[in-house]
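As structure tokens, the structure follows; a few thoughts come after it.
Derivation of every value follows stated rules applied to the coordinates shown; laboratory data play no part. This is a predicted model, so every value here is computed, not measured. Here the Cβ is made from the backbone with ideal geometry for all residues, glycine too, and neighbour counts use every protein chain on show.
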Amino acid sequence: MKRFSLTVVLILAMTSLIFGQAPKGKIKFKETVHNFGKIKEEAGSVTHKFVFKNNGKTPIVINHVQSSCGCTTPQWSKTPILPGKQGFIEATYNPAYRPGPFSKAITVMSTAETSRVVLRITGDVTPRPRTIEDDYPRLLGKIRMRTNYIPLYTLKSEEVKTDTIVYVNVSNSDVSVNFNHIPNHMTIKRVPEVVKKGEKGKLIFTYDPKKKNDWGAVRDNITFRFDGDRNTHMLIITANIKEDFSSLSKKDLANAPKIVFNNVVYNFGEKKQGEKIEYAFEFENTGKKNLIIRKVRATCGCTAVSPSEKVIKPGQKSSLKAIFNTSGKRGNQNKSIYVTTNSPSNPVVTLRFKGKVNPKDQI
């Protein structure tokens with residue numbers, strides 16, 4: 001048994017030695033860098049073939065070719081390259097949406113004596129001419145806009161905001177944007193009122209948060225149509241209206257109302273689908289002036305019932321009842337309710353429901 005094992009070890013050692021001393025193929029590229037020069041983005045992909053020769057005495061196998069980015073697609077000789085014969089590595093570059101200079105590497109792994117060779121393609125992509133669709137991607141009937149969603153972000157309650165929407169008439173006739181209804185807290189001016197074919201128009205709108213008489217995250221959907229067209233289109237305008245406390249003095253802040261909740265997170269544990277969970281979030285006005293509950297907003301499928309009194313006197317306690325319906329819910333839940341008040345120290349309080357909802361058939 002020992003003699004058999006020794007024989008196997010000797011055979012393996014001799015085999016390894018023989019193969020280790022065998023000469024390898026020698027890979028020689030005609031070039032390792034190719035410059036495409038100036039190429040046009042709209043012309044599409046460009047391709048270059050790197051040719052190499054096997055200058056060794058044994059065949060070369062290309063094991064793998066990898067590019068430095070997805071914009072370069074390599075192809076290569078799949079069969080062994082015999083001594084004295086040629087093979088290739090083909091690199092294709094897609095310039096779409098990639099204007100400007102580029103330099104990409106292609107790494108070639110093979111059985112050659114030099115097992116790793118890095119090729120490189122370079123060039124400079126001339127951007128395609130921009131179109132109306134590029135600059136104004138949102139098509140709304142007869143006109144194009146950059147977007148029909150206008151976020152005004154955070155607005156102070158006394159801050160009047162003016163903004164401009166530019167659009168292009170892409171129809172074959174003159175157009176006039178006719179609004180079905182403009183809210184009282186907004187004005188919209190059309191400049192010009194009639195826009196000719198291929199020309200641009202402006203919608204200059206003014207937003208007055210005080211007239212909106214709302215707080216926190218708000219949204220307006222404003223619909224419009226064109227003469228002779230029954231189809232309606234929409235502008236979406238959002239804002240986050242907050243009370244401005246910046247002018248209050250230290251004395252004013254010290255005497256201001258202050259809302260303090262006993263608990264801002266209610267963990268209901270585990271419940272089954274279909275159950276309604278009710279919880280009263282208790283709070284107190286620990287400040288020195290009347291606390292005003294301006295708004296209670298739930299975005300979680302919850303029902304939040306405001307206190308019966310919207311004005312809470314100093315030292316007075318109250319509660320906000322919240323109902324969470326678990327129908328259609330399953331798994332871990334983390335839902336929020338937002339309470340907006342005139343408390344400078346904490347104008348927006350986030351209340352949360354937490355827990356797990358199990359399917360009805362789960363024990």
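Okay, here's what the table says:
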| read-out | value |
| --- | --- |
| Antiparallel %, DSSP beta bridges [both residues in the chain], to 5 | 85 percent |
| Packing-based order for 263-273, 137-147, using average beta carbon neighbours within 10 Å, highest first | 137-147, 263-273 |
| Helix-only mean residue ellipticity at 222 nm for the chain, each DSSP H run of n ≥ 4 adding -39500 (n - 2.57), per residue, nearest 500 | -2500 deg cm²/dmol |
| For the stretch 126-141, Karplus couplings with θ = phi - 60° (6.51, -1.76, 1.60), whole Hz, Gly/Pro x | 7, x, 5, x, 6, 10, 4, 5, 5, 7, 10, x, 8, 8, 10, x |
| Gap separating the Cα centres of the stretch 204-224 and the stretch 115-159, nearest whole Å | 27 Å |
| For the stretch 109-120, 3J(HN,Hα) per residue [Karplus equation, 6.51 cos²θ - 1.76 cosθ + 1.60, θ = phi - 60°, Hz, x = Gly/Pro] | 10, 8, 8, 5, 4, 8, 6, 10, 10, 9, 9, 9 |
| Dipole magnitude of the stretch 132-242 about its Cα centre (Cβ charges: Lys, Arg +1; Asp, Glu -1), debye to nearest 20 | 120 debye |
| Overall form of the stretch 222-363 per C-alpha gyration tensor (a/c, 1.5; a/b vs b/c) | oblate |
| Net charge dipole size for the stretch 219-358 [Lys, Arg +1 and Asp, Glu -1 on Cβ; Debye, nearest 20] | 360 debye |
| Reachable lysines from residue 251, criterion Cα separation under 17 angstrom, eight or more residues apart if same chain | 288, 289 |
| Under 29 Å between alpha carbons - lysine pairs in the stretch 104-214 that sit 8 or more apart or on different chains | 27 |
| Selected from 206, 221, 240, residue furthest toward positive end of dipole (the chain; charges at beta carbon) | 240 |
| For the chain, average projected area of the Cα convex hull in nm² | 37.9 nm² |
| Dipole-positive endmost among 327, 340, 359 within the stretch 322-363 (Cβ charges, Cα centre) | 359 |
| C-alpha long axis of helix 2-21 to longest principal axis of the chain, angle in ° | 90 degrees |
| Listed residue (77, 231, 257) projecting farthest to the positive dipole end of the chain, Cβ model | 77 |
| Residue-wise HN-Hα coupling along the stretch 235-245, computed from phi with Karplus coefficients 6.51, -1.76, 1.60 (Hz; x: Gly, Pro) | 10, 10, 10, 10, 7, 10, 8, 10, 6, 8, 9 |
| Dipole magnitude of the chain, debye to nearest 20 (Cβ charges: Lys/Arg +1, Asp/Glu -1, about Cα centre) | 980 debye |
